[in-house]
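Structure record follows, encoded as structure tokens.
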Amino acid sequence: MSPQEFIDLYEKYLSGNCTPEEINQLEAYRDNFELKDLPWNDRMGNKEEVRLDILYHLKNNITASKKSFKGYWIAAAAVLIFAISLLWMIGNRARNGSIEIVKNSSVGTKGLVIPGNNKATLTLSDGSNIDLTDSKKGLLSKQGSVAVGKSGEGEIVYDAKHGEAKSVVALYNIISTPRGGQYQVVLSDGTKVWLNAASSIKFPTVFTGHERKVELTGEAYFEVAKNKDMPFKVAVDHMSVEVLGTHFNVDAYKDEEVIKTTLLEGAVKLVTSDHQAYLKPGQQATLNQQQSFNIRSVNTEEAIAWKNGYFIFNNENIQSIMRKISRWYDVEVVYNGKVDERDFGGTVSRFDSVADVLKSLELTGTVHFKMEGRRIIVMP
């Protein structure tokens, strides 16, 4: 897409006349923004971090200018000036031998700590790995009769040949996201899975037998394809989630005290060695360390906010908030002194800089932060 075509399409989007295909095209163009015009070398820093820094300003300027076409043109010009200025600054610093874009010495500077993005590793049945972050669209591997490919939307799709599923031996694959990563996969039965940061899912390349079973660590959102003859099971630690066809979120990070399962649509059955529980849409079950369930009604948007690009904090303490920030921005968090035990509430974009997120928390007057490289110091 040419720059003029992008502008024309964006104007169509602002007027509300874009088709779903055109919206996907617009998003793909934005996500595929690259720095191609300047020769790159190691002294200029991390190219992906610089690209995301420019993209961050692009996104914020465009979002702020949706009210008028005039505002868009002003924003576009501002972003262009910013991008050119940033590239000039990087090139100039590289020529002078500096590899640092911005010194990260306080919350007031954005530095090199950028939001997470789509990145993951696919481990095949033979133990070999494929870096999904840099992989191109198209066929990635053949796992028996199953084709593993990357779609134009960037998700991994398992395509089992029709009619062969019952006659093949299932091979197992693993998709793992690092801290600061997320990814989406479509399993061979059509089930869609969104993985949050620092998470992994182990699954058969094709489902056989009388059930569809996967293993999860971390957090994932599932939209399970309906199949009344093959229940879908998610194994997490000492619990399994059993469904026929439904939408739900499982938060099972090892550093959290409880496992949370939130149901958006359909019905689920939760099973441990000693207990079982059933959920209705709008309910969340927490499994504590004593292996007992607590079920309550919740705002399901909070549970899947991460999938939709937000942090929603609702009566959440600073330790819980900082664990989420640590995973998404891939930073170390340390505490200096006794911090306030009161809970926080609010909504923040996951694509804001970490400095902006911390500034929002500081506005409460109950907590303060200092940044040293990729370390965040939390202070009273």
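The values are calculated or read from the model by the stated rules, or taken from the named source; none is laboratory data. For clarity, every value in this text was computed on a predicted model and none was experimentally measured. Glycine gets a Cβ as well: all are built from the backbone with ideal geometry, and neighbour counts include every protein chain shown. Side chains are part of the model used for accessible areas, which takes the heavy atoms of the whole protein and leaves out ligands, DNA and RNA. Shrake-Rupley method; radii C 1.70, N 1.55, O 1.52, S 1.80 Å.
Of note, ASP274 satisfies the criterion of being open to solvent by 40 Å² or more (accessible area, probe 1.4 Å), at pLDDT below 90 and in a loop (DSSP other than H, G, I, E, B).
Taken over segment 285-305, the criterion of being open to solvent by 20 Å² or more (accessible area, probe 1.4 Å) and modelled with pLDDT of 90 or more is satisfied by THR286, PHE293, ASN294, ILE295, ARG296, SER297, VAL298, ASN299, THR300, GLU301, GLU302. When segment 123-133 is limited to residues that are touching a Ser or Thr at 6+ places or on another chain (Cβ under 9 Å) and outside any strand (DSSP E or B), the one that is least open to solvent (accessible area, probe 1.4 Å) turns out to be LEU132.
The residue of segment 227-240 that is most open to solvent (accessible area, probe 1.4 Å), among those that are part of a strand (DSSP E or B) and touching a Ser or Thr at 6+ places or on another chain (Cβ under 6 Å), is LYS233.
The residues of segment 123-149 that are farther than 19 Å from ASP189 by Cα and hydroxyl-bearing (Ser, Thr, Tyr), listed by number, are THR123, SER128, THR133, SER135. Part of a loop (DSSP other than H, G, I, E, B), out of contact with any Pro (no Cβ under 7 Å at 6 or more places or on another chain) and either assigned by the TED database to the domain that holds PHE248 or among the hydroxyl-bearing types (Ser, Thr, Tyr) (or both): does that describe SER188? Against the criterion (part of a loop (DSSP other than H, G, I, E, B), out of contact with any Pro (no Cβ under 7 Å at 6 or more places or on another chain) and either assigned by the TED database to the domain that holds PHE248 or among the hydroxyl-bearing types (Ser, Thr, Tyr) (or both)), SER188 qualifies.
Could you tell me whether HIS368 is modelled with pLDDT under 95, open to solvent by 70 Å² or more (accessible area, probe 1.4 Å), over 22 Å from the mean Cα position of the chain (by Cα) and closer than 30 Å to LEU244 by Cα? Criteria not met by HIS368.
Note on segment 169-206: residues that are hydrophobic (A, V, I, L, M, F, W, C), in contact with a strand residue (DSSP E or B) (Cβ under 8 Å, 6 or more places away or on another chain) and at pLDDT below 95 total 3. Checking the stated criteria, LYS254 turns out not to satisfy the condition of being part of a loop (DSSP other than H, G, I, E, B), outside the structural domain of THR347 (by the TED database) and without any contact (Cβ under 8 Å) to a residue 24 or more places away in the chain. Determine whether SER349 is surrounded by fewer than 19 Cβ atoms within 10 Å (Cβ to Cβ), within 25 Å of GLN184 (Cβ to Cβ) and either touching a strand residue (DSSP E or B) at 6+ places or on another chain (Cβ under 9 Å) or in contact (Cβ under 8 Å) with a residue 24 or more places away in the chain (or both). Spelling it out, SER349 is indeed surrounded by fewer than 19 Cβ atoms within 10 Å (Cβ to Cβ), within 25 Å of GLN184 (Cβ to Cβ) and either touching a strand residue (DSSP E or B) at 6+ places or on another chain (Cβ under 9 Å) or in contact (Cβ under 8 Å) with a residue 24 or more places away in the chain (or both). Among the residues of segment 134-155 satisfying the criterion of being open to solvent by 30 Å² or more (accessible area, probe 1.4 Å) and touching a residue at least 40 places away in the same chain (Cβ under 8 Å), which is farthest from GLN25 (Cα to Cα)? Going through the qualifying residues, I end up with GLY144. Anything in segment 241-259 that is modelled with pLDDT under 95 and of a type in the set (Ser, Thr, Tyr)? List them, or say none. Hit for segment 241-259 is THR246, nothing else. Cβ-Cβ distance below 9 Å, separation of 6 or more or different chains: which pairs start in segment 278-292 with a residue that is in contact (Cβ under 8 Å) with a residue 12 or more places away in the chain and over 18 Å from ALA303 (Cα atoms) and end on one that is in a strand (DSSP E or B) and open to solvent by less than 40 Å² (accessible area, probe 1.4 Å)? Filtered contacts from segment 278-292: GLN291/MET239.
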